[in-house]
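Read through the structure below, which is laid out as structure tokens, and then see the notes.
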Amino acid sequence: MNTSQARPGGLGEYDLNGRVAVITGGSSGIGAATARKLAAKGATVWVGYNTGADRAGAIVAELPGNGHQTLHLPMADSGALDRAAEKVRAAHGHVDVLVNSAGVTRAVPHGDLDALDDALFDHVMATNVRGPFATIRAFRALLKASGDAVVINISSLAGVSGQGSSVVYGASKAALDVMGMSLGRVLGPEIRVIGISPAGVATDFVPGRSREAVEQAAATAPLRVVTEADDIALAIVGAVVFLRQTTGTSILVDAGKHL
């Protein structure tokens, strides 16, 4: 493709039927909900996992359609990510949708700087920033081979507000957003890069956070509704299918919590 020239005409909706999708962190929470939505739209889904192989297998078993598989995608191991990309290349030769849903955090009071030690800081940054970058790097050629691919990075309102479960979590999501801007610029026209940024979602992502705590937080947002994993999965599908003119930006899906 000659990238010096604009592609003529509108792009229209993105048909997911027959597309190949890879999801990091696909064995639970937002990733699992996204796997279900993409498969229901006709995509062949690779459900990525780090340690949750059994959970990933259970998700694959319930997906509609055929050809879905599990895929070992540990965010801290770039070599394993490269090997995973090679496995998908051998099966399909391309990837159309990459969802970076894997992430990690720990609840640490923002004022307790000593509790946020170097090991935890490095672990969160390696998983939430370097991991998505290394995954995109590993799958870049397959995404380019699609000719019309999209990367979805699961970010957070914490990357904008500086609040959230810990100082480093917000910092990691701010870094992910800026990285998405840079990659949106350099990976076009074949690849869109879009961030989806929720506030608190009713999953077990934050260790120790109860459903009651999520409901209390939701009550302070303008829409006063608890955000479920399915809500974010719907936003992801919407971004993939309809936001054909969008790249290098992040979209808040937070029930108005930022207001």
Helices (runs of 4 or more DSSP H) within region 159-259 that include 3 or more residues within 30 Å of Ala119 (Cα to Cα) and more than 15 Å from the chain's Cα centre (by Cα): 167-187, 211-218
Does Val88 count as part of a helix (DSSP H, G or I) and in contact (Cβ under 8 Å) with a residue 60 or more places away in the chain? yes
The condition of being more than 20 Å from Phe139 (Cβ to Cβ), among the polar types (S, T, N, Q) and in contact with a Gly (Cβ under 9 Å, 6 or more places away or on another chain) holds, among Thr105, Thr70, Thr51, only for Thr105
Just for region 201-224: of the residues that are at pLDDT below 70 and of a type in the set (Gly, Ala, Ser), which one is farthest from Tyr169 (Cα to Cα)? Ala202
Could you please give the count of residues in region 44-61 that are outside any helix (DSSP H, G or I), over 17 Å from Ile154 (Cβ atoms) and touching a helix residue (DSSP H, G or I) at 6+ places or on another chain (Cβ under 9 Å)? 1
Of a type outside the set (A, V, I, L, M) and under 30 Å from Arg244 (Cβ atoms) - does that describe any residue in region 78-85? yes
Answer residue from region 95-127, given it is β-branched (Val, Ile, Thr) and outside any loop (DSSP other than H, G, I, E, B) and is farthest from the chain's Cα centre (by Cα) among those: Val124
I'd like to know if region 239-247 contains one or more residues that are closer than 28 Å to Val108 by Cβ and aromatic (Phe, Trp, Tyr). no
Go through (1) in contact with a strand residue (DSSP E or B) (Cβ under 7 Å, 6 or more places away or on another chain); (2) aliphatic (A, V, I, L, M); (3) surrounded by fewer than 22 Cβ atoms within 10 Å (Cβ to Cβ) for Ala58 and report which single condition fails. (1)
Among Val241, Val225, Val214, Val253, which is the only one that is surrounded by fewer than 20 Cβ atoms within 10 Å (Cβ to Cβ), under 27 Å from Asn17 (Cα atoms) and either touching a residue at least 12 places away in the same chain (Cβ under 8 Å) or touching a Pro at 6+ places or on another chain (Cβ under 6 Å) (or both)? Val241
So which of Arg106, Arg137, Arg89 is out of contact with any strand residue (DSSP E or B) (no Cβ under 8 Å at 6 or more places or on another chain), of a type in the set (D, E, K, R) and surrounded by 16 or more Cβ atoms within 10 Å (Cβ to Cβ)? Arg106
What single numbered condition from (1) within 21 Å of Glu190 (Cα to Cα); (2) in a loop (DSSP other than H, G, I, E, B); (3) in contact with a strand residue (DSSP E or B) (Cβ under 9 Å, 6 or more places away or on another chain) fails to hold for Gly67? (1)
Residue list for region 183-194, filter: touching a residue at least 24 places away in the same chain (Cβ under 8 Å) and out of contact with any strand residue (DSSP E or B) (no Cβ under 7 Å at 6 or more places or on another chain): Arg185, Gly188, Pro189
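The values are calculated or read from the model by the stated rules, or taken from the named source; none is laboratory data. What you are looking at is a predicted structure, and each value in this text was computed from that prediction instead of being measured. Don't worry about glycine lacking a Cβ; one is built from the backbone with ideal geometry, like all the others, and counts go over all protein chains shown.
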